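Every number here is computed from the coordinates shown, using simple stated rules; none is lab data. Just so you know, these numbers come straight off a predicted model, no measurement behind them. Ideal geometry is used to build each Cβ from the backbone, glycine not excepted, and the neighbour counts take in all protein chains shown.
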Amino acid sequence: MNKLWRFFQYGYLIIAIICLVEGVIKLIEKNYVTGSILLGTAVLVIILFLVKRRFRKRIQERQQ
């Protein structure tokens, strides 16, 4: 189960990278609203990744 969580954890980073790239592309195309939303989503996904990783590590430490 723990390996499955680790796999999904890195999925968050992939989503964040995609949102960052798309957000920058939209900002270059002068579509500021969509670009801002994508960049904000990327920041939120990165925060979610960090929180979930910290939570998973705490659970691992308790189990050992």
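Some observations on this one:
- Backbone HN-Hα couplings from phi across region 11-28 [Karplus 6.51/-1.76/1.60, Hz, Gly and Pro as x]: x, 4, 5, 5, 5, 5, 5, 4, 5, 4, 5, 5, x, 5, 4, 5, 5, 5
- Stokes-Einstein D in µm²/s, Kirkwood radius over Cα pairs - the chain at 10 °C with 1.306 mPa s viscosity: 124
- Loop GluC sites (Glu not before Pro), the chain (other Cβ atoms within 10 Å of the site Cβ: 16 or fewer; DSSP): Glu29
- Candidates per trypsin sites (Lys or Arg not before Pro) in the chain, loop by DSSP, up to 10 other Cβ within 10 Å: Lys30
- Using a cutoff of 8 angstrom between alpha carbon atoms and counting only pairs six or more residues apart, the relative contact order for region 8-63 works out to 40 percent.
- Selection from Ile59, Phe49, Gly11, by position along the positive dipole direction of the chain (Cβ): Ile59
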